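The values are calculated or read from the model by the stated rules, or taken from the named source; none is laboratory data. What you see is a predicted model; the values in this text were computed from it and never measured. We place every Cβ from the backbone using ideal geometry, glycine too, and count neighbours over all the protein chains shown.
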Amino acid sequence: MKEVVHFSLATLGVKVMWALREWANTLVIGKVTGQVDIVGLYTMAEEIALLPATKITAAVNMLSSPVMAELQADIDAMRTAFYRAVRLAAAVVVPASAGIALVAEEMVAVLLGPKWLPAVPILRLLCVYAGVRGIDIVLPPVLFARRRERFLFWYCLALLILAPAAGVIGALWNGVQGTVMLATPVYCAVMVVMAREALAEMKADFFDLWSVLWPILAATALMAVIVLLLREFALNGRSDPPLLTLLFLSASGAIVYGAALFAIGSPVITEGLEVLGWILRRRKADG
């Protein structure tokens with residue numbers, strides 16, 4: 001009973017501090033700048049930037065937590081499941097975040113209207129943070145399964161202190177953009193510590209993680225280059241409606257990304273099709 005209580009309290013503390021940290025930047029920006037319109041721009045930009053990560057987080061946490069708990073005594077199987085979860089999450093969130101940054105102006109104009117265009121620079125900066133979230137969401141289930149809830153508690157406490165502190169300094173330096181520019185590197189630096197501990201629990205290292213992620217990162221980089229070239233040479237000087245530009249660039253980027261992954265031979269293609277098959281079969285059975 002004592003172990004159960006300790007685990008439950010630590011888990012509760014982790015969730016509470018994580019929720020507080022999620023609101024920290026908004027609070028910092030509101031208190032330091034004192035401008036309601038700036039807070040509104042940041043909140044809307046954050047909601048759009050984190051949309052892919054938020055959707056994936058719910059699914060990954062729902063599946064990863066019980067899987068990692070079941071495999072907690074089998075390190076090799078846990079490591080294999082972890083790499084698969086990393087590939088599937090990163091394959092969606094990383095290119096989606098890069099894509100949002102590339103077409104941020106058109107997306108905001110189409111979805112929100114011209115009055116929200118001042119949020120575009122903030123949105124682009126937040127996409128970097130959102131891309132990292134696509135990778136680190138699979139780390140806590142591993143640490144919980146390996147009974148490292150106390151480490152997660154102190155990790156969240158450090159993040160709750162350091163990230164807002166960096167945000168305050170950034171806000172004093174350059175307003176809302178300064179908050180994102182300083183808080184994001186601090187978040188990434190602290191996240192590296194958590195990643196190291198999670199990989200050590202599975203007897204893996206950062207080189208192994210890189211070998212899993214590099215095809216996705218390479219395909220995303222190629223997608224970004226092609227979209228930028230299309231914007232520069234195919235769309236330069238044209239006055240097409242934002243919706244047509246958004247559709248053209250989004251479709252082009254998606255095609256290039258999928259083709260690059262297929263050419264590289266990343267297993268994420270096969271795994272994604274397998275997951276899609278599970279979903280379709282389940283819907284068919286429910287019907």
Subject >> Scope segment 11-34; condition charged (D, E, K, R) and under 13 Å from V168 (Cβ atoms); matching residues >> reply: K31
Original post:
Tally time: how many residues in segment 214-234 are under 18 Å from D136 (Cβ atoms) and either more than 17 Å from the chain's Cα centre (by Cα) or buried (at least 17 other Cβ atoms within 10 Å of the Cβ) (or both)?
Top reply: 2
Original post:
Does A96 satisfy being of a type in the set (G, A, S), under 30 Å from I216 (Cα atoms) and touching a residue at least 40 places away in the same chain (Cβ under 8 Å)?
Top reply: yes
**OP:** Among the residues of segment 172-215, write down those that are small (G, A, S) and over 21 Å from A89 (Cα atoms).
**Re:** G175, G178, A183
Original post:
Regarding S97, is this residue touching a Cys at 6+ places or on another chain (Cβ under 6 Å) and more than 15 Å from V212 (Cα to Cα)?
Top reply: yes
Subject >> Residue list for segment 15-65, restricted to those being farther than 24 Å from R124 by Cβ and β-branched (V, I, T) >> reply: V16, V60
Subject >> Residue under evaluation W154, criteria (1) closer than 30 Å to S65 by Cβ; (2) in contact with a Phe, Trp or Tyr (Cβ under 6 Å, 6 or more places away or on another chain), criterion not met >> reply: (2)
**OP:** Determine whether V168 is surrounded by 16 or more Cβ atoms within 10 Å (Cβ to Cβ), in a helix (DSSP H, G or I) and at pLDDT 90 or above.
**Re:** yes
Original post:
Would you pick out the residues in segment 227-247 that are among the basic types (K, R) and either more than 16 Å from A104 (Cβ to Cβ) or without any contact (Cβ under 8 Å) to a residue 12 or more places away in the chain (or both)?
Top reply: R238
**OP:** Find the residue count for segment 75-99, including only residues that are farther than 30 Å from L249 by Cβ and surrounded by fewer than 23 Cβ atoms within 10 Å (Cβ to Cβ).
**Re:** 8
Subject >> Checklist (1) modelled with pLDDT of 85 or more; (2) farther than 28 Å from G167 by Cα applied to A59, failing item >> reply: (1)
**OP:** Please enumerate the residues belonging to segment 106-119 that are over 15 Å from T179 (Cβ atoms) and touching a residue at least 40 places away in the same chain (Cβ under 8 Å).
**Re:** E106, M107, V108, A109, V110, L111, L112, W116, P118
Original post:
Can you name the residue in segment 207-263 that is at pLDDT below 90 and among the aromatic types (F, W, Y) and, of all such residues, is nearest to F82 (Cα to Cα)?
Top reply: F262
**OP:** Scan segment 50-96 for residues that are within 15 Å of I135 (Cα to Cα) and of a type in the set (G, A, S) and jot them down.
**Re:** A53, A58, A59, S64, A81, A85, A89, A90, A91, A96
**OP:** Determine, yes or no, whether A198 is buried (at least 18 other Cβ atoms within 10 Å of the Cβ) and at pLDDT 90 or above.
**Re:** yes
Subject >> Unique residue being aliphatic (A, V, I, L, M), surrounded by fewer than 16 Cβ atoms within 10 Å (Cβ to Cβ) and part of a helix (DSSP H, G or I) when the list is V186, V132, V176, V192 >> reply: V192
Original post:
A204 versus (1) of a type outside the set (K, R); (2) assigned to a helix (DSSP H, G or I); (3) under 23 Å from the mean Cα position of the chain (by Cα): which is the lone unmet condition?
Top reply: (2)
